[in-house]
Amino acid sequence: LDTMFSALRHSQRTILAIETSEGDVLGSFTSTPWRNNGNNFYGSCEAFVWMLRKQRKHSDGDVNCASLDEYILRESSLEVFPWDHKGNRNVQLSNTKRLYVGGGHPEDEVMDNVEQFRKSGTVNATAKEHWGMSIALDKDLLHGTSTKCATFGGACALI
(Lines give C-alpha, C1' and ligand atoms only; values in the text may rest on other atoms or scores of the structure.)
Protein backbone atom coordinates (compact mmCIF):
# COMPACT_ATOMS: atom_id res chain seq x y z
CA LEU A 1 0.00 0.00 0.00
CA ASP A 2 2.87 2.41 0.66
CA THR A 3 3.91 2.03 -2.99
CA MET A 4 0.36 2.74 -4.10
CA PHE A 5 0.11 5.82 -1.84
CA SER A 6 3.36 7.15 -3.27
CA ALA A 7 2.36 6.52 -6.88
CA LEU A 8 -1.12 8.03 -6.45
CA ARG A 9 -0.37 10.91 -4.07
CA HIS A 10 -1.03 13.53 -6.78
CA SER A 11 -3.94 11.71 -8.44
CA GLN A 12 -7.06 13.65 -7.54
CA ARG A 13 -9.38 11.02 -9.04
CA THR A 14 -8.78 7.29 -9.17
CA ILE A 15 -10.54 4.22 -10.49
CA LEU A 16 -9.96 1.00 -8.59
CA ALA A 17 -10.66 -2.21 -10.53
CA ILE A 18 -10.64 -5.68 -8.98
CA GLU A 19 -11.17 -9.08 -10.57
CA THR A 20 -11.88 -11.93 -8.17
CA SER A 21 -10.64 -15.47 -8.64
CA GLU A 22 -14.24 -16.37 -9.58
CA GLY A 23 -14.28 -13.79 -12.40
CA ASP A 24 -16.40 -11.11 -10.71
CA VAL A 25 -15.24 -7.57 -11.49
CA LEU A 26 -15.91 -4.63 -9.20
CA GLY A 27 -14.30 -1.40 -8.16
CA SER A 28 -14.69 2.22 -7.23
CA PHE A 29 -14.22 5.79 -8.37
CA THR A 30 -12.94 8.20 -5.74
CA SER A 31 -12.16 11.89 -6.05
CA THR A 32 -9.75 12.30 -3.14
CA PRO A 33 -6.12 11.11 -3.36
CA TRP A 34 -5.41 7.86 -1.50
CA ARG A 35 -3.15 8.31 1.53
CA ASN A 36 -2.14 6.69 4.79
CA ASN A 37 -4.78 8.17 7.09
CA GLY A 38 -4.72 5.86 10.10
CA ASN A 39 -8.15 4.54 11.04
CA ASN A 40 -10.06 7.64 9.94
CA PHE A 41 -12.44 7.80 7.02
CA TYR A 42 -11.90 10.59 4.51
CA GLY A 43 -12.86 11.40 0.94
CA SER A 44 -15.31 13.36 -1.12
CA CYS A 45 -18.85 12.17 -1.66
CA GLU A 46 -18.11 12.49 -5.38
CA ALA A 47 -17.56 8.74 -5.38
CA PHE A 48 -19.20 5.49 -6.39
CA VAL A 49 -18.67 1.75 -6.41
CA TRP A 50 -19.37 -0.34 -9.48
CA MET A 51 -19.48 -3.93 -10.66
CA LEU A 52 -19.92 -5.80 -13.89
CA ARG A 53 -23.25 -7.60 -14.00
CA LYS A 54 -21.69 -10.63 -15.67
CA GLN A 55 -18.65 -12.61 -14.58
CA ARG A 56 -15.65 -12.56 -16.89
CA LYS A 57 -15.35 -16.35 -16.58
CA HIS A 58 -17.83 -18.78 -18.03
CA SER A 59 -19.13 -21.59 -15.83
CA ASP A 60 -16.42 -23.87 -17.29
CA GLY A 61 -13.69 -21.39 -16.24
CA ASP A 62 -12.97 -20.19 -19.78
CA VAL A 63 -12.46 -16.41 -20.11
CA ASN A 64 -12.53 -16.34 -23.91
CA CYS A 65 -15.54 -15.05 -25.83
CA ALA A 66 -16.93 -16.63 -28.97
CA SER A 67 -17.25 -13.23 -30.65
CA LEU A 68 -16.39 -9.57 -30.26
CA ASP A 69 -20.10 -8.87 -29.71
CA GLU A 70 -20.16 -11.32 -26.77
CA TYR A 71 -17.06 -9.68 -25.27
CA ILE A 72 -18.52 -6.16 -25.59
CA LEU A 73 -21.84 -7.25 -24.09
CA ARG A 74 -20.16 -8.93 -21.13
CA GLU A 75 -17.75 -6.05 -20.43
CA SER A 76 -20.31 -3.25 -20.86
CA SER A 77 -22.98 -4.47 -18.45
CA LEU A 78 -21.95 -2.16 -15.61
CA GLU A 79 -23.90 -1.39 -12.46
CA VAL A 80 -23.01 1.83 -10.61
CA PHE A 81 -23.83 2.66 -6.97
CA PRO A 82 -23.28 6.36 -6.19
CA TRP A 83 -22.76 7.84 -2.74
CA ASP A 84 -26.07 7.79 -0.87
CA HIS A 85 -26.82 11.10 0.87
CA LYS A 86 -29.07 9.18 3.30
CA GLY A 87 -26.13 6.98 4.33
CA ASN A 88 -22.86 8.30 5.71
CA ARG A 89 -19.65 10.00 4.55
CA ASN A 90 -17.38 6.98 5.11
CA VAL A 91 -15.95 6.99 1.60
CA GLN A 92 -12.27 6.00 1.97
CA LEU A 93 -10.15 4.55 4.77
CA SER A 94 -6.58 3.50 4.12
CA ASN A 95 -3.40 2.86 6.06
CA THR A 96 -0.40 0.53 5.82
CA LYS A 97 -2.55 -2.54 6.61
CA ARG A 98 -5.84 -2.04 4.76
CA LEU A 99 -7.82 -0.14 2.16
CA TYR A 100 -11.58 0.36 2.47
CA VAL A 101 -14.13 1.97 0.18
CA GLY A 102 -17.39 2.74 1.95
CA GLY A 103 -18.39 1.44 5.33
CA GLY A 104 -21.02 1.16 7.94
CA HIS A 105 -24.42 -0.12 8.94
CA PRO A 106 -27.27 2.36 8.55
CA GLU A 107 -28.07 2.22 12.28
CA ASP A 108 -24.81 1.13 13.98
CA GLU A 109 -21.80 3.20 14.90
CA VAL A 110 -19.39 2.78 11.97
CA MET A 111 -16.21 2.74 14.02
CA ASP A 112 -17.51 -0.29 15.94
CA ASN A 113 -17.64 -2.14 12.61
CA VAL A 114 -14.17 -0.93 11.62
CA GLU A 115 -12.66 -1.98 14.94
CA GLN A 116 -14.37 -5.38 14.85
CA PHE A 117 -13.25 -5.93 11.23
CA ARG A 118 -9.68 -4.99 12.20
CA LYS A 119 -9.67 -7.53 15.03
CA SER A 120 -11.57 -10.44 13.50
CA GLY A 121 -11.96 -9.89 9.76
CA THR A 122 -15.76 -9.75 10.10
CA VAL A 123 -18.25 -7.03 10.86
CA ASN A 124 -21.39 -6.72 12.96
CA ALA A 125 -24.35 -8.50 11.41
CA THR A 126 -28.01 -8.21 12.16
CA ALA A 127 -30.21 -11.29 12.02
CA LYS A 128 -31.37 -10.23 8.55
CA GLU A 129 -28.35 -8.62 6.86
CA HIS A 130 -24.56 -8.40 6.92
CA TRP A 131 -23.15 -4.87 6.69
CA GLY A 132 -19.55 -3.68 6.49
CA MET A 133 -17.35 -2.19 3.76
CA SER A 134 -18.25 -2.08 0.06
CA ILE A 135 -14.63 -2.96 -0.66
CA ALA A 136 -12.07 -4.06 1.94
CA LEU A 137 -8.57 -5.06 0.81
CA ASP A 138 -5.60 -6.27 2.87
CA LYS A 139 -2.17 -4.65 2.57
CA ASP A 140 -1.07 -7.06 -0.18
CA LEU A 141 -4.12 -6.10 -2.28
CA LEU A 142 -4.61 -9.81 -2.98
CA HIS A 143 -7.25 -10.63 -0.37
CA GLY A 144 -10.46 -8.83 0.43
CA THR A 145 -14.16 -8.80 1.03
CA SER A 146 -17.19 -6.93 -0.21
CA THR A 147 -20.32 -6.42 1.85
CA LYS A 148 -23.25 -4.05 1.92
CA CYS A 149 -22.61 -0.62 3.39
CA ALA A 150 -24.63 2.50 4.12
CA THR A 151 -22.22 4.77 2.21
CA PHE A 152 -23.35 3.54 -1.19
CA GLY A 153 -26.91 2.55 -0.36
CA GLY A 154 -26.18 -1.05 0.55
CA ALA A 155 -24.22 -1.73 -2.66
CA CYS A 156 -21.71 -4.52 -3.28
CA ALA A 157 -21.54 -7.94 -1.78
CA LEU A 158 -19.40 -9.96 -4.16
CA ILE A 159 -16.06 -11.07 -2.80
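The values are calculated or read from the model by the stated rules, or taken from the named source; none is laboratory data. Computed from a prediction, not measured in an experiment: that's the story for all the values here. FYI the Cβ positions are ideal-geometry reconstructions off the backbone, even for glycines, and counts take in every protein chain you see. Note: accessible area is taken over every heavy atom of the protein model, side chains too, but ligands, DNA and RNA are not part of it. Shrake-Rupley method; radii C 1.70, N 1.55, O 1.52, S 1.80 Å.
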Give the residue, chosen from PHE29, PHE5, PHE48, PHE81, that is closer than 26 Å to ASP140 by Cβ, of a type in the set (Phe, Trp, Tyr), out of contact with any helix residue (DSSP H, G or I) (no Cβ under 9 Å at 6 or more places or on another chain) and without any contact (Cβ under 8 Å) to a residue 24 or more places away in the chain. PHE29
Which one of these does TYR100 not meet: (1) open to solvent by less than 30 Å² (accessible area, probe 1.4 Å); (2) aromatic (Phe, Trp, Tyr); (3) over 16 Å from THR151 (Cβ atoms)? (3)
Please find, within the stretch 1-52, the residue that is most open to solvent (accessible area, probe 1.4 Å) out of those that are outside any loop (DSSP other than H, G, I, E, B) and of a type in the set (Phe, Trp, Tyr). PHE48
